Amino acid sequence: MTGDQIQAPPSPRDGGDVSIALERPRPIAVKSGTLMGVFVPCLQNIMGIIYYIRFSWIVGMAGIGESLLLVAFCGSCTFLTTISLSAIATNGAMKGGGPYYLIGRALGPEVGVSIGLCFFLGNAVAGAMYVLGAVETFLDAVPAAGILRETVTRVNGTDIAPITRPSLHDLQIYGIVVTILLCFIVFGGVKIINRVAPAFLVPVVFSLVCIFSGILLARNGRPAAGITGLSSESFKDNWGPAYQRTSNAGIPDPNGKIYWSFNALVGLFFPAVTGIMAGSNRSASLKDTQRSIPIGTLAATLTTSALYLVSVLFFGSVATRDKLLTDRLLTASIAWPFPAIVYVGIILSTLGAALQSLTGAPRLLAAIANDDILPVLNYFKVVDGGEPHVATFFTAFICIGCVVIGNLDLISPTITMFYLLCYAGVNLSCFLLDLLDAPSWRPRWKFHHWSLSLVGALLCIVIMFLISWTFTVVSLALASLIYYYVSIKGKAGDWGDGFKSAYFQLALRSLRSLGASQVHPKNWYPIPLIFCRPWGKLPENVPCHPKLADFANCMKKKGRGMSIFISIIDGDYHERVEDAKAACKQLSTYIDYKQCEGVAEIVVAPNMSEGFRGIVQTMGLGNLKPNIIVMRYPEIWRRENLIEIPATFVGIINDCIVANKAVVIVKGLDEWPNEYQRQYGTIDLYWIVRDGGLMLLLSQLLLTKDSFEGCKIQVFCIAEEDSDAEGLKADVKKFLYDLRMQAEVIVISMKSWEGQGEQQESIEAFSAAQGRIASYLGEMKERAERDKTPLMADGKPVVVNEQQVEKFLYTTLKLNSTILKYSRMAAVVFVSLPPPPANHPAFFYMEYMDLLVENVPRLLIVRGYRRDVVTLFT
């Protein structure tokens, strides 16, 4: 994807066809460049409340050495995230939503929505932090405005001059009022906010000039007690840390409730380096996103990091540690020539940042809602160009709730967790896209590597756990719950995310590693090709027999494996292609409804035989080709006089034999149980020919299903002599034991088979089959005599040995009688599929098969292929 490409649909629910409509030209919106569009917003968000009223305190608590480490540690995280953000942002056009849009399009809707909602909460809570900072600064600058204030006279057990500080109730009252006023401004729209935004930058720059001027001009005891001026003694005294307990307001107190450590300071300071997403949040209003976002964001990150590092050295050298820890507004105390400008700068910068948070958070929530992933967010949708009023109300409600807490130091770690989750998501997105290196991954920003993104993501996670295990677990649990909710309740969509590319590459590598050689029996999985086209017609809008998917699931262990559902449409491909697409969509819906792991394929062919012959030759890749053909037995062919079925049925079986595919034919599919219908009794196997153990394996797979777990397996074998029965039984038992299969073995000798009386219904079916075969053979002979041709059947010459036909019928009669004698009450019966005899008409083979399945309610006719699917060895 490049910057010149047509923008993708805004949500996966949108249509894929692009239409061109004539409409009135829209006015071109004013676009921002790198400086005002990215650099200044990032600078305003990064340089905020923490620097003015907490940074000098952090230097006093951590010391100069660990403060430098703290700045470098947190700055490295945002720097690496900026590199990842630059790569993703320059890989194509960006739409609304900022980091949510980037993460969602890279890691998928579920991850995007979960991290996007957490980032929304982080922005909403950050608004409360900025409001509290502005109110606290105002109350310190104008003590008379405080309704309730409290005085501190002792620090670490030592009497000091009285220190007044804002009370919690003052912060709550003023904070709620300010939040409401800001919300009124937000309702005025983005235009009003953009008009006043430059005014916020001037006081910030001027206050910084005053602060550094005051530091350079400070002398011992001037302008306040505890100020030493730039002194090497102060530098040495303040080099090491002084971690201790403090009150909730940060005043040192040996009985305080809060103990500060490096980890806790990471949580307090990290919001001071956030704000790197401010430029990407304004991507829609930038002239050139692929140039402005990398340059502007990286410039702001490096500028503020350098400022913090220099400030650590200056603050640590200009005042005593007690001054750093007790004077929370040291920046105002030391500023020259106008200390009051620092208060103005703090208030305006924090109010501006709060305004940006209350403006950006609702738009982020509206962008998530507009993607139509979660129905519960539909209330926050907005039309293009509209203002997200409902989302703004919701954001204000969250912000006011955090303001009521009234403790800036408790709110900061919460914001940190949500921001770190977002940064980790951006880094993981770039890591995945870089590692996969799909053809569409062509970012204009070249200074990136997957290892840097991985380090950035790991650094985010490490910082989260360093700050607080509790907050980390809660934030990850919240993101996981949102992810789970989206995956369950969200609407399906495909944004071409990196996970899909990863699945594709993993599938390719796995396919290559499997090779083309035969899979070892220990690694053999059934890959059934389910032949959905019925013998006859299904009701309208029913793409497949309702029980075929239930049977396909019975061929898998614990649902693992893939099924291919295939159907054939007669006709010309060019004429029926749209019908094929509609049928494929309908069949896919059926598979999803039946919760069967599989894919749907529709083939257009002149007839069923030609279509199936093409499928059995070409379907699948390498060792992922289907190895079992599953179809329904054509029980209706004679009842509905479908005379074309025998030739088609025999042709399909012969094609499977030639292609070396196993065959499973289901008789009695209408009565096949679903997962809720429990079966009792036995699963009887009439193991007549060697099939590589397929019949045994399928019976074991049936036992793993809830519907058949109460059944027992019986294996029936046929011995030539009575004397061979016991030896055969022992051999089969030993074989089954080595295969780890439990089954009862029953041996029937040929002598007892010949001597047993046939079942009456079998004799009746046998006589009827004899009559129909004789009639069909007579018609063939008459036609041959009349046309002066050899005997013809199914369009080809045949040689009919009437004694052989009689033998086939008699053998089938004996097998059917045996099944009815021993397995009339069985839950399901397995029997080997006899191959179609050469030169026999297909009509004759259907008569053999009809006689075999006669009066057996539920029968699986199985034929293996030239390889073993079970093994004796570990």
Roughly how far apart, in whole Å, are the Cα centres of the range 88-116 and the range 430-461? 14
Loop-located trypsin sites (Lys or Arg not before Pro) in the range 174-278 whose Cβ has at most 11 other Cβ within 10 Å (DSSP): LYS257
Partner lysines whose C-alpha sits under 27 Å from that of LYS667, ignoring same-chain residues fewer than 8 away, are LYS537, LYS547, LYS556, LYS557, LYS558, LYS594, LYS625, LYS705, LYS712, LYS807, LYS814, LYS821
Starting from the amide H of ALA719, placed 1.01 Å from N in the peptide plane, find each other amide H under 5 Å away whose residue is 5 or more places distant or on another chain. ILE748, SER749, MET750
Got the relative contact order for the chain handy, in percent, Cα pairs under 8 Å and 6 or more residues apart? 15
So, relative contact order of the range 593-730 in percent, Cα under 8 Å, 6 or more apart, is 19
For the pair SER451 and GLN742, how long in nm is the line joining their label points, each one 7 Å along Cα→Cβ? 5.5
With the dipole of the chain worked out from charges on the C-beta (+1 for Lys and Arg, -1 for Asp and Glu) around the Cα centre, which of ILE615, PHE649, ILE415 lies farthest toward the positive end? ILE415
May I ask you to order 330-338, 477-485 by the average number of other C-beta atoms within 10 Å around their residues, highest value first? 330-338, 477-485
Below 13 angstrom from the Cβ of ILE347, what's the summed charge of the other residues (Lys, Arg +1; Asp, Glu -1)? -2
How far, in nm, would the chain grow between PHE262 and VAL177 when pulled straight, counting 0.36 nm per residue and subtracting the alpha carbon separation? 27.1 nm
Using only Cα atoms, tell me the angle between helix 190-217 and the longest principal axis of the chain; keep it within 0 to 90° and round to the nearest 10. 50
Calculate, in nm to one decimal, what ALA199 and ASN607 gain on full extension: separation in residues at 0.36 nm each, minus their alpha carbon distance. 139.2 nm
Counting Lys and Arg as +1 and Asp and Glu as -1, what is the net charge of the other residues whose Cβ lies under 12 Å from the Cβ of HIS449? -1
Just the accessible area per residue of the chain, please: how many Å² with a 1.4 Å probe? 46
At a Cα cut-off below 15 Å, give the aspartates and glutamates reachable from LYS522, other chains included and same-chain residues fewer than 8 away excluded. ASP738, ASP868
Specify the angular offset, from 0 to 90 degrees and rounded to the nearest 10, of the alpha carbon long axis of helix 408-436 from the longest principal axis of the alpha carbons in the chain. 50
May I ask for the Rg/Rh ratio of the chain, computed from Cα atoms with Rh as the Kirkwood radius, given to two decimals? 1.18
Taking only DSSP H segments of four or more residues, each worth -39500 (n - 2.57), what value at 222 nm results for the chain once the sum is divided by all its residues, to the nearest 500 deg cm²/dmol? -18000 deg cm²/dmol
Whole-Å distance linking the alpha carbon centroid of the range 672-703 with that of the range 804-874 is 14
Tilt of helix 168-187 relative to the longest C-alpha principal axis of the chain, in degrees (0 to 90, nearest 10)? 70
What spacing in nm lies between the two simple spin-label points modelled at ALA306 and ALA145, each 7 Å away from Cα in the Cβ direction? 3.5
Take PHE735 and VAL383, extend 7 Å from each Cα along the Cα→Cβ direction, and tell me the distance between the two endpoints in nm. 7.6
Given a 1.4 angstrom probe, I'd like the percentage of the accessible area of the range 571-687 that is carbon and sulfur, rounded to a whole number. 50
Measure out, as a whole number of angstrom, how far apart the alpha-carbon centroids of the range 609-661 and the range 230-293 sit. 71
Determine the sum of side-chain charges near VAL186: Lys and Arg each +1, Asp and Glu each -1, restricted to other residues whose C-beta is under 11 angstrom from that of VAL186. 0
Highest mean packing first, using Cβ neighbours within 10 angstrom, the peptides 782-791, 679-688 sort as 679-688, 782-791
DSSP beta bridges in the chain [antiparallel fraction, %, rounded to 5]: 30
Under 5 Å between amide H atoms, partner at least 5 residues away or on a different chain: which partners does LEU685 have, H built in plane at 1.01 Å? GLN714, VAL715, PHE716, PHE830
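The values are calculated or read from the model by the stated rules, or taken from the named source; none is laboratory data. None of these values were measured; they are calculated from a predicted model. Note: ideal-geometry Cβ built from the backbone for every residue, glycine included; neighbour counts use all protein chains shown. The area values use the complete protein model at the heavy-atom level, side chains included, leaving out ligands, DNA and RNA. Shrake-Rupley method; radii C 1.70, N 1.55, O 1.52, S 1.80 Å.
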